[in-house]
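Presented below is the structure to which this report refers.
Bear in mind these aren't lab numbers, they're just calculated from the coordinates by the rules spelled out. If you're wondering where the values come from, they're calculated on a predicted model, not measured in any experiment. Cβ sites come from the backbone with ideal geometry, for glycine too, and all protein chains shown count toward neighbours.
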Amino acid sequence: MTKRVTIDPVTRIEGHLRIDVEVDGGSVQKAWASCTMWRGIETILQGRDPREGWVFAQRFCGVCTTVHAMASVRAVEDALQLEIPANAQYIRNLILIGHALHDHIVHFYHLSALDWVDITAIPRADPARAASIADGVSNWPGNSRHELEAVQNKVKGLAGSGQLGIFSHGYWGHPAMRLSPEMNLILFAHYLQALEFQRKACQVVGILGGKTPHIQNLAVGGVMNAINLNSLATMNMDRLETLQSLFQEMIPFVQQVYFVDACLLGASYGDWFRYGRGVANYLAVPDLPVDGRATKFDLPGGVMADGNLRAVRPVQDWHDQAIRGAVAEDVTHAWYAGEGAQRPWNGKTDPDYTDFQDNGKYTWVKAPRYNGQPMQVGPLANVLVGYASGHPLTRKWTDTAFDRVSSASGMRLEPDALQSTMGRYLARAIRSAMLSDLALKHWQLLTDNILKGDDTTYNPPQFPGHAVVGVGMHEAPRGSLSHWVVIDKGVFSNYQAVVPTTWNASPRDQRGVPGPYESSLLGNPVADPEKPLEVLRTVHSFDPCMACACHTLDASGREIAQVKVL
Amino acid sequence: MTSVKRSHRVCVIGIGNVLIGDDGFGPLVVEMFRCRYECGSNVEVLDLGTPGLDLSPYLYGTDLVVIADAVHADEAPGTLCVYCEADLLSRRAQLRLTAHDPGLQESIAQLRVADHAPAELIIVGVVPERCGLGDGLSRPVRDTAWSAVDLIARLLEERGVDCHRRLVPARPNLWWLPDVRSESIATA
């Protein structure tokens with residue numbers, strides 16, 4: 001018998017993603033992803049001065065502030081064909097890396113680990129055994145028996161006082177929870193330690209951006225950081241050294257703890273490399289430019305179709321004409337007026353709310369398509385196109401991850417296995433390890449350039465009298481982000497943001513083809529429809545964040561999470 | 001009530017989305033607080049927007065945190081409501097952290113387990129009238145802002161935090177309120 005399960009809300013940071021699945025014979029047969037609130041936030045940018053657009057854009061979402069600021073200045077610079085100084089590029093890159101590392105650590109430990117880690121099993125763990133397991137795979141000093149015992153005692157205290165409920169959404173004791181008590185203890189200890197490393201990432205962004213989470217240092221044409229090695233008040237050697245040591249403190253946590261834990265999780269839940277593949281078309285834009293003109297990048301971009309690693313079209317730079325011509329947003333199944341697809345530069349956002357209609361309109365998220373095809377974006381797309389194009393850093397960390405999974409479980413992974421729920425977790429950890437290496441590289445590029453005597457950070461923009469269009473691309477933590485702008489008479493006449501979660505949470509399109517969340521859920525196991533933990537695992541593997549995707553506001557107050565089974 | 005030493009870390013935090021009407025109460029209040037009061041170097045005044053769980057790094061290891069935010073309470077728009085951590089965790093206060101619920105409760109819960117939660121947490125909330133895109137602030141909420149600012153200062157002073165009214169107020173930067181000249185709020 002088919003059971004309909006509704007989970008609302010799904011995410012731990014955003015309350016507006018609803019997932020409906022039909023379960024039959026223990027697995028998902030049909031799925032719908034719906035965003036339940038509208039905000040149309042880009043409309044606030046129309047008529048504004050493009051030089052201040054980024055200040056507003058970074059308020060689209062409270063979690064991904066910097067990424068929207070960055071995409072906004074890049075869009076205007078693209079429209080003006082304005083090149084920025086190399087220093088500005090490096091400073092932006094270091095901010096982006098700091099933010100991304102923060103975001104990926106939070107996703108793994110705080111937003112999704114408890115889908116896999118059962119806190120209630122921790123009191124049964126043997127701390128000495130846990131310490132020896134952890135020591136065998138990592139030289140992290142936070143894995144001592146003493147440390148793990150302290151964490152275990154805390155959990156025993158919480159369990160004893162009935163306070164475990166503060167970790168809401170926990171499906172404790174669920175049959176799909178399969179880690180040993182010791183592994184649960186290790187991962188939860190790192191969950192707590194991760195809080196400290198989030199702070200360091202915020203400090204990196206704060207030092208460079210002036211403030212965090214809303215950076216102050218951007219400008220169309222570069223950055224506003226003054227560089228003077230002889231001044232106490234500007235970017236000088238002291239500040240550069242502080243930055244370097246913050247990165248040096250964070251990197252061991254990323255490479256020795258987070259990366260290792262993601263590999264262990266994969267080794268323990270090997271069957272999850274078989275579920276959750278979904279849309280196998282991938283899009284990643286190049287990022288971390290190494291020169292002022294942005295002709296060379298440290299993170300490669302590319303387009304991959306039908307899951308075929310042998311047929312990846314590289315995207316060389318942000319001028320890629322194919323991307324500019326291929327992206328359109330379809331509103332057939334979204335609560336907007338009209339049918340069919342429109343290019344972002346001509347995009348409209350006119351609300352047309354119906355009810356939740358299985359075969360009609362059912363979400364506030366538009367359906368972005370690339371030459372008519374749904375695309376999956378995110379760290380997995382990043383890693384797949386890099387791996388397929390032989391990018392050395394991607395290969396190095398992907399191969400290391402495969403070796404670690406293999407030595408922990410005996411399972412030999414092929415790159416194809418990454419196209420799965422667990423693959424998305426592993427790819428995010430691979431990307432984080434890569435970004436850690438790149439943090440030090442871009443710190444060195446900045447320092448060398450300053451020591452060479454270059455202190456320029458800004459090229460002033462000039463606005464033409466005629467209308468111009470631009471697109472600002474950024475490979476954000478959740479995937480490819482693009483801001484599409486039309487500038488006329490010195491102000492924005494149109495502004496559309498096509499954000500990663502819009503790609504991934506896309507509804508069906510005119511042809512009825514579902515988006516990545518929806519198709520990744522098909523065939524997903526569900527042991528108990530009353531406790532659809534497995535559905536959450538697959539959806540959380542995308543790191544959903546609905547704030548900018550659906551352009552939402554909650555005018556009705558606090559929502560209570562509910563799981564309805566019909 | 002905590003007694004705060006000079007070496008203790010204190011944070012005054014505004015939460016909310018400035019683009020969405022009365023939801024911008026928190027950021028407005030902290031900016032006005034910064035302009036009217038001067039605090040010791042152990043006090044950070046932060047507009048954190050709508051950080052969700054990303055609130056944790058800012059609360060980490062602090063001694064006293066005062067958060068200004070829009071809250072849901074069965075009161076008239078513009079009413080100030082003050083809550084402590086126990087209210088929050090007992091869910092007596094239905095705090096609306098814009099789109100980012102349940103950020104505050106989970107952040108505190110996390111930090112408690114990690115032993116890095118603020119020693120004392122106070123929420124100064126306002127009941128919003130309207131939270132629509134580009135609405136600006138409603139009259140009742142705007143009228144309450146200075147009371148909230150002075151209330152925060154009093155809460156800090158009572159706990160021994162170095163916090164003095166400036167002889168010459170600083171000029172607020174309220175870039176998101178095109179309809180309000182900065183001066184008119186600064187001198188209200």
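Residue by residue through B:110-119, how many Cβ atoms from other chains fall within 10 Å of the Cβ on average? Spell out each step's value before the answer.
Working: counts 8, 2, 4, 13, 8, 3, 4, 0, 0, 0.
Rounded to a whole number, the mean comes out at 4.
Please work out the FRET efficiency for the pair A:Asp24 and A:His466, using the Cβ-Cβ distance as r and a Förster radius of 56 Å; give the result to the nearest 0.05.
It comes out at approximately 0.45.
Kindly put A:Val223, A:Val377 in sequence by how many other C-beta atoms sit within 10 Å of each C-beta, fewest to most.
The order, fewest Cβ neighbours first, is A:Val223, A:Val377.
Can you give the FRET efficiency to the nearest 0.05 for A:Lys3 and A:Phe356, using r as the Cβ-Cβ distance and R₀ = 25 Å?
FRET efficiency, A:Lys3 to A:Phe356: 0.90.
Could you work out the helix-only [θ] at 222 nm for chain A, with each DSSP H run of four or more residues adding -39,500 (n - 2.57) and the total divided by the number of residues, to the nearest 500 deg cm²/dmol?
-12000 deg cm²/dmol
Could you order the peptides B:169-175, A:386-392 from most to least packed, using the average number of other C-beta atoms within 10 Å per residue? If you can, show how the numbers build up before the last one.
Values: B:169-175: 14.4, A:386-392: 17.6.
Final packing ranking: A:386-392, B:169-175.
Which value in nm describes the separation of the simple spin-label points at A:Asp454 and A:Lys211, placed 7 Å from the Cα toward the beta carbon?
About 3.0 nm separates the two model spin labels.
Mind running the shape call on chain B? Use the C-alpha gyration tensor, a ≥ b ≥ c as the square roots of the eigenvalues: rounded below 1.5 for a/c, prolate if a/b tops b/c, oblate otherwise. Don't skip to the answer; put the middle values down first.
Working: a/c = 1.74, a/b = 1.16, b/c = 1.50.
Oblate is the answer for chain B, as a/c is 1.5 or above yet b/c matches or exceeds a/b.
Please report the relative contact order for segment A:339-457, taking Cα pairs under 8 Å with a sequence separation of at least 6, and give it as a percent rounded to a whole number. If you can, show how the numbers build up before the last one.
Details: 54 pairs, mean separation 23.6, N = 119.
Relative contact order, segment A:339-457: 20 percent.
Can you sort A:Asp238, A:Asp543, A:Asp399 from fewest to most other Cβ atoms within 10 Å of each residue's own Cβ?
The fewest-first ordering by Cβ neighbours comes to A:Asp238, A:Asp399, A:Asp543.
How crowded by other chains is B:126-139, given as the mean number of beta carbons from other chains within 10 Å of each beta carbon?
Working: counts 0, 0, 2, 0, 1, 5, 3, 9, 4, 0, 0, 0, 0, 0.
Per residue, the average neighbour count from other chains is 2.
With a 10 Å Cβ neighbour count serving as the proxy for reagent exposure, in which order, fewest first, do A:Phe297, A:Phe197, A:Phe356 appear?
With the fewest neighbours first, A:Phe297, A:Phe197, A:Phe356 line up as A:Phe356, A:Phe297, A:Phe197.
Note the full-extension length gain between A:Gln244 and A:Asp271 as 0.36 nm times their separation in residues minus their Cα-Cα distance, in nm to one decimal. Mind dumping the intermediate values first?
Details: separation 27, 0.36 × 27 = 9.72 nm, distance 3.97 nm.
Working it through step by step, the gained length comes to 5.7 nm.
If we count GluC sites (Glu not before Pro) as exposed when they sit in a DSSP loop and have at most 12 other beta carbons within 10 Å, what is the longest stretch of chain A that avoids them all?
A:1-338
Pull up all non-local amide H partners of A:Gly62: gap of 5 or more, or a different chain, and H-to-H distance under 5 Å with H placed in the peptide plane.
Amide H to amide H, under 5 Å and 5 or more residues apart or across chains, A:Gly62 pairs with B:Thr50.
Based on the alpha-carbon gyration tensor of the protein assembly as shown and its eigenvalue square roots a ≥ b ≥ c, which shape applies: rounded if a/c is under 1.5, prolate if not and a/b is larger than b/c, or oblate? Please report the intermediate quantities before stating the final value.
Values: a/c = 1.23, a/b = 1.09, b/c = 1.13.
Note, shape of the protein assembly as shown comes out rounded.
Filter A:Lys211/A:Lys366; A:Lys30/A:Lys366; A:Lys396/A:Lys441 down to the pairs with a C-alpha to C-alpha distance above 22 Å, please.
Table pairs above 22 Å Cα-Cα are A:Lys211/A:Lys366.
Looking at chain A, do any whole DSSP H helices span at least 24 angstrom along their long axis by alpha carbon and average 0.0 or above on Kyte-Doolittle, and which? It would help to have the intermediate numbers written out before the result.
Working: long enough: A:86-105 (29 Å, 0.25); A:181-209 (42 Å, 0.53); A:392-409 (25 Å, -0.69); A:421-451 (45 Å, 0.21).
Span-like helices, by this rule, are A:86-105, A:181-209, A:421-451.
Which of the residue pairs A:Lys200/A:Lys348; A:Lys154/A:Lys531; A:Lys3/A:Lys361 have a Cα-Cα distance greater than 31 Å in the structure shown?
Working: A:Lys200/A:Lys348 40 Å; A:Lys154/A:Lys531 27 Å; A:Lys3/A:Lys361 22 Å.
The answer is A:Lys200/A:Lys348.
For peptide B:11-20, how many partner chain Cβ atoms fall within 10 Å of a residue's Cβ, on average?
Counting Cβ atoms of other protein chains within 10 Å of each residue's Cβ and averaging gives 3.
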